[in-house]
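Quick notes on the structure that follows.
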Amino acid sequence: MILVTGGAGFIGGNFVLDWLKLNAEPVVNLDKLTYAGNLDTLKSLESDTRHKFVRGDIGERELVSRLLADYKPRAVINFAAESHVDRSIHGPGDFIQTNVMGTFNLLEATRHYWNDLSVVDKARFRFLHVSTDEVYGTLAADDAPFAETNAYEPNSPYSASKAASDHLVRAWHHTYGLPVLTTNCSNNYGPYHFPEKLIPLVILNALAGKPLPIYGDGQQIRDWLYVKDHCSAIRRVLESGSIGETYNVGGWNEKANLEVVHTICALLDELQPRVDRKSYSEQITFVQDRPGHDRRYAIDARKLERELGWKPAETFETGIRKTIEWYLASHDWIQNVTSGAYRDWLSKQYGA
Ligand code: NAD
Ligand code: TYD
């Protein structure tokens with residue numbers, strides 16, 4: 001079996017659902033269930049004996065060591081993290097704790113477990129660390145996209161904590177021989193995305209008749225990848241990636257934030273028009289920019305395509321339509337995530 005951490009979050013949840021659809025191999029899912037963890041995402045697995053959910057922290061050494069000893073996974077896939085840049089600006093402490101200390105603990109527990117495996121099991125074991133393109137910093141309009149060889153230049157507490165975790169993973173391979181793989185992916189979107197991030201926030205605010213907040217001039221660029229394509233890339237790297245290597249994952253979909261928001265509005269105008277028949281784009285509101293806001297991210301994913309034959313299945317146009325259709329059809333999931341703690345965050349970040 002495999003051990004997944006953070007499998008009740010957005011990407012980890014999609015990964016676990018897809019994994020169990022495609023494979024017979026069971027999953028142990030270790031998740032702390034922070035505000036971002038949501039068991040509703042995994043509801044369809046309630047009676048699936050191949051899914052073992054454990055509530056706990058990747059930073060708890062005894063717990064992690066016990067899970068490794070009890071379940072003897074052939075791989076650990078680390079999704080667990082604090083993941084939201086704006087929250088990292090308000091309070092970086094949790095990011096250092098989970099992303100740096102938590103990853104350190106997971107590496108140490110895994111190293112001891114791995115050392116005691118048989119020669120055969122040791123050779124086939126993998127530790128796959130899921131990371132972000134944000135570790136590379138920011139690009140000017142005419143810079144080449146981020147390649148695996150770019151220097152790390154993180155600019156936010158979030159990206160700095162992820163960069164630190166990537167360095168630990170690298171060092172545990174170089175020093176101790178732990179068979180690690182790292183993926184650095186661009187911005188994901190799709191089903192089960194917590195609505196603090198741009199795309200789900202805009203969809204839900206639009207439908208609720210609320211302002212659609214655009215930071216600064218809205219011309220910041222992100223590369224967008226449909227979450228299921230990120231999951232397929234992780235499966236491919238786990239299966240065939242070269243030990244110690246890092247792989248950039250991206251969708252070749254660079255878009256300015258304002259363009260993304262206009263696309264969402266146009267699709268909502270078509271799929272669920274406003275009662276007054278005006279466009280949802282009327283709700284667009286420019287708000288104060290994020291401190292230290294990275295201007296542009298772009299990913300060169302050619303290594304993953306060339307060496308492992310991976311390609312995304314969705315374009316931005318097909319993926320964003322699927323995403324909006326999912327939000328329009330998932331009333332119960334949305335009701336549950338938009339309760340008290342979420343409303344507190346909105347007033348902290350955007351004011352009354
Ligand atoms: P998320 O915030 O939706 O989910 C994170 C999950 O980790 C939650 O279920 C949470 O409960 C759990 N968690 C947090 N701290 C934990 C701890 N100490 N122990 C155990 N579980 C803990 O994040 P996501 O968007 O699904 O991102 C998953 C991973 O992918 C992260 O490592 C993130 O850095 C990386 N990533 C995200 C994106 C993106 O666009 N969302 C892009 C590239 C990489
Ligand atoms: P986000 O989804 O937070 O991802 P990240 O910061 O990790 O890229 O934000 C995506 C982009 O959208 C980013 O440039 C910030 C911007 N943004 C807004 O303009 N308004 C918002 O309310 C949010 C949440 C993000």
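Some notes on this structure:
- Springs between Cα atoms under 10 Å define the GNM used for the chain, and in it the highest mean-square fluctuation of SER242, SER339, SER65 occurs at SER339.
- Note on the chain: antiparallel DSSP beta bridges, both residues inside, total approximately 10 percent of the bridges counted.
- Counting charges near ARG235 (Lys, Arg +1; Asp, Glu -1) among other residues having Cβ under 14 Å from its Cβ returns a value of +2.
- Compactness of region 153-250 - radius of gyration and Dmax, Cα, Å: 17.0, 54
- Of the residues PRO213, ALA301, HIS173, the one whose Cα sits farthest toward the positive end of the charge dipole of the chain, with +1 on the Cβ of Lys and Arg and -1 on the Cβ of Asp and Glu, is HIS173.
- In this Cβ point-charge picture (+1 for Lys and Arg, -1 for Asp and Glu), region 5-141 has a dipole of about 460 debye about its Cα centre.
- Average projected area [Cα convex hull, region 1-159], square nanometres: 11.0
- To put it simply, the accessible area of the chain at a 1.4 Å probe is 51 percent carbon and sulfur.
- Under 5 Å, built H, 5+ apart or other chain: amide partners of VAL249: ASN184, CYS185, SER186
- Percent of C-alpha pairs per 10 Å bin, region 206-334, short to long: 11, 33, 32, 18, 5, 0
- Under 28 Å from LYS228, Cα to Cα: lysines that are on another chain or at least 8 residues apart: LYS21, LYS32, LYS43, LYS52, LYS72, LYS162, LYS197, LYS255, LYS303, LYS311, LYS322
- Relative intensity, log₁₀ I(q)/I(0), of the chain from a Debye sum that treats every alpha carbon as a point, q = 0.11 Å⁻¹: -0.72
- Within the listed set VAL227, VAL54, VAL16, the Gaussian network model of the chain (springs between alpha-carbon atoms below 10 Å) gives the highest mean-square fluctuation for VAL54.
- Taking every protein chain into account, the 1.4 Å probe leaves HIS112 with about 90 Å² of accessible area, to the nearest ten.
- Gaussian network model of the chain, springs between alpha carbon atoms under 10 Å - residue of ARG50, ARG277, ARG236 with greatest fluctuation: ARG277
- Dividing the summed helix terms, -39500 (n - 2.57) for each DSSP H run of n ≥ 4, by the number of residues in the chain produces a 222 nm estimate of -12500 deg cm²/dmol to the nearest 500.
- Calculated P(r) of region 222-276 - Cα pairs past 19 Å, %: 51
- Three-way shape call for region 40-129 based on the alpha-carbon gyration tensor, with the a/c threshold at 1.5: oblate
- In Å², nearest 10: area of GLU314 left accessible to a 1.4 Å probe: 30
The values are calculated or read from the model by the stated rules, or taken from the named source; none is laboratory data. Fair warning: this is a prediction, and the values are worked out from it, not measured in the lab. Ideal geometry is used to build each Cβ from the backbone, glycine not excepted, and the neighbour counts take in all protein chains shown. Quick note on the areas: whole protein, heavy atoms, side chains included, nothing else; ligands and nucleic acids left out. Shrake-Rupley method; radii C 1.70, N 1.55, O 1.52, S 1.80 Å.
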